[in-house]
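So the structure is just underneath, and the comments pick up after that.
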């Protein structure tokens, strides 16, 4: 348990601080056209477990349908929507959602590996799956969480309530959490890190040890994590017209342009040249 409860004089608006860093992994279109998306910072000690809270709200004209797609991060999410609380493991494919009518969803994005302490088995057992929160926390806690978030009047109150409940339920982070966090952070931010061997050397681990650890704690392999973050970089570069497809392939460690184009098309759904053209690049 991280703490018993929030201080009674804590103002909810202080809990809902917008996250300034731009989102990564968006395919094609950001929020807009009747859709709003917000992310909120998480304070320590809860920040050792959670990366941020997020909220999506939409109100569309009758007959309007919007498709939103993302390349997910290697993270678990706890999501409340339509009165249900669910746990989403790491999606191996791109995430696609069709929005219509009006609604909202509120989520807690866990840091890679941080959800493992709540599971009875390896994180890989949840990869590509969405299950009721009750399967992880039990019926009573899941019902309490879903009810609190659903009845909250706005995002500020949702952030405060979610922070309070997770602070009560989450155990302390394991001793190896900082190393795992640093390795995933390196895969995310260091463009020159393109191989599992480089990641293994940075952590001072044996290759099989690293692979077992990632599958158990994160839910996917270190190779998957590296490739996914390099494709995040590719999306951003193509959006902004920063490089040609050939330059990207070389910068991201691919042996040739064809291998990069194949991976990009398999994950994003279109060839990189077509994606760049569709975005004006």
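Using a Förster distance of 35 angstrom, determine the FRET efficiency expected from the C-beta separation of residue 100 and residue 247, and round it to 0.05.
Step by step, r from the Cβ atoms, then E = 0.35.
With the chain treated as a Gaussian network of Cα nodes joined by springs under 10 Å, which of 46, 235, 205 yields the largest mean-square fluctuation?
Residue with maximal mean-square fluctuation among 46, 235, 205: 205.
Specify whether the C-alpha gyration tensor of the range 115-160 places it in the rounded, prolate or oblate class, a ≥ b ≥ c being the square roots of the eigenvalues: rounded for a/c under 1.5, otherwise prolate if a/b is larger than b/c and oblate if not.
prolate
How high is the relative contact order of the range 177-278? Use alpha-carbon pairs under 8 Å, at least six apart in sequence, and give a whole percent.
Relative contact order, the range 177-278: 22 percent.
Can you pull a Stokes-Einstein diffusion coefficient for the range 177-278 at 4 °C (1.567 mPa s), Rh from Kirkwood over Cα pairs, as a whole number of µm²/s?
Once the numbers are plugged in, D ends up at 91 µm²/s.
Mean separation of Cα pairs under 8 Å and 6+ residues apart, divided by the residue count of the range 11-142: what relative contact order is that in percent?
24
According to the Cα gyration tensor, what semi-axes, each the square root of 5 times an eigenvalue, does the equivalent ellipsoid of the range 21-64 have, listed from largest to smallest in whole Å?
28, 12, 7
How many angstrom lie between the C-alpha centres of the range 242-274 and the range 35-51?
32
Points 7 angstrom from Cα along the Cβ direction at residue 93 and residue 81: gap in nanometres?
Modelled inter-label distance: 1.6 nm.
Compute the Cα gyration tensor for the chain, then decide on rounded, prolate or oblate, letting a ≥ b ≥ c be the square roots of its eigenvalues: rounded whenever a/c is under 1.5, prolate when a/b is larger than b/c in the other cases, and oblate in all that remain.
Note, shape of the chain comes out oblate.
Comparing 153, 84, 39, which has the greatest mean-square fluctuation in the GNM of the chain with Cα pairs linked when under 10 Å apart?
The residue that fluctuates most here is 153.
Could you grab the relative contact order for the chain? Cα pairs under 8 Å, six or more apart, rounded to a whole percent.
That works out to 20 percent.
Report, in deg cm²/dmol and to the nearest 500, the calculated mean residue ellipticity at 222 nm for the chain, where each DSSP H run with n ≥ 4 adds -39500 (n - 2.57) and the sum is divided by the residue count.
Here the helix-only value at 222 nm equals -11500 deg cm²/dmol.
Checking the a/c ratio against 1.5 first, then a/b against b/c, what shape does the Cα gyration tensor give for the range 12-169?
Since a/c stays below 1.5, the shape of the range 12-169 is classed as rounded.
Read-outs throughout are calculated quantities, based only on the coordinates presented, and are distinct from any laboratory measurement. This one's a predicted model, so the numbers in the text were calculated from it and none came from an experiment. Using ideal geometry, Cβ is built from the backbone for each residue, glycine included, and neighbour counts are taken over all protein chains shown.
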